[in-house]
Amino acid sequence: QVQLVESGGGLVQAGGSLRLSCAASGRTFSSYAMGWIRQAPGKEREFVSVISWSGGNIYYADSVKGRFTISRDNAKNTVSLQMNSLKPEDTTVYYCAAALSFQAVKIGTPDYWGQGTQVTVSS
């Protein structure tokens, strides 16, 4: 069992930066691929980024590539998403996700979800 708690969302102007963090509980955190998925109310969920259990494999959605950076610290059971050059279209709820399968996070079907954190980018 893995529990995920996000933090770091908020309001920022376009072009600004935010850093999301996700704290995970559970002794097997280092076994899981971790990632971020975002979803606005009434819209389809959108994959953002995923990092493998070792950190050696990382994948980004084209919409965030070059602007967002994912990282993890297995010693602290945390995964982070550094978001730079934010755009109004990045506004939505961001969910931390965990799965034993790297692919499961990529396709938006992780084993575990956080409660979500709101990111709002003003123009």
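Where the second residue is part of a strand (DSSP E or B) and not aromatic (F, W, Y) and the first is at positive phi and lies in segment 36-49, which pairs have Cβ atoms under 7 Å and are six or more apart or on separate chains? As it stands, the answer is none, since no pair meets every condition given. Is it the case, given these coordinates, that T109 is in contact (Cβ under 8 Å) with a residue 24 or more places away in the chain and polar (S, T, N, Q)? So T109 fails the test. Can you tell me which residue in segment 58-78 is most open to solvent (accessible area, probe 1.4 Å), limited to those that are at pLDDT 95 or above, small (G, A, S) and not in a strand (DSSP E or B)? Applying the filter and picking the extreme gives G66. All conditions but one from (1) modelled with pLDDT of 95 or more; (2) open to solvent by 30 Å² or more (accessible area, probe 1.4 Å); (3) in contact with a Leu (Cβ under 9 Å, 6 or more places away or on another chain) apply to E46; the one that does not is (3). Of all the criteria given as (1) in contact (Cβ under 8 Å) with a residue 60 or more places away in the chain; (2) closer than 19 Å to W53 by Cβ; (3) open to solvent by 10 Å² or more (accessible area, probe 1.4 Å), the one not satisfied by L81 is (3).
Consider segment 88-123 and keep the residues that are of a type in the set (D, E) and either part of a helix (DSSP H, G or I) or in contact with a His (Cβ under 8 Å, 6 or more places away or on another chain) (or both). The one that is least open to solvent (accessible area, probe 1.4 Å) is D90.
The values are calculated or read from the model by the stated rules, or taken from the named source; none is laboratory data. Because the structure is a prediction, the values reported are computed rather than measured. Cβ: placed from backbone, ideal geometry, glycine included. Neighbour counts: every protein chain shown. Surface areas here come from the heavy atoms of the whole protein model, side chains and all, with no ligands, DNA or RNA. Shrake-Rupley method; radii C 1.70, N 1.55, O 1.52, S 1.80 Å.
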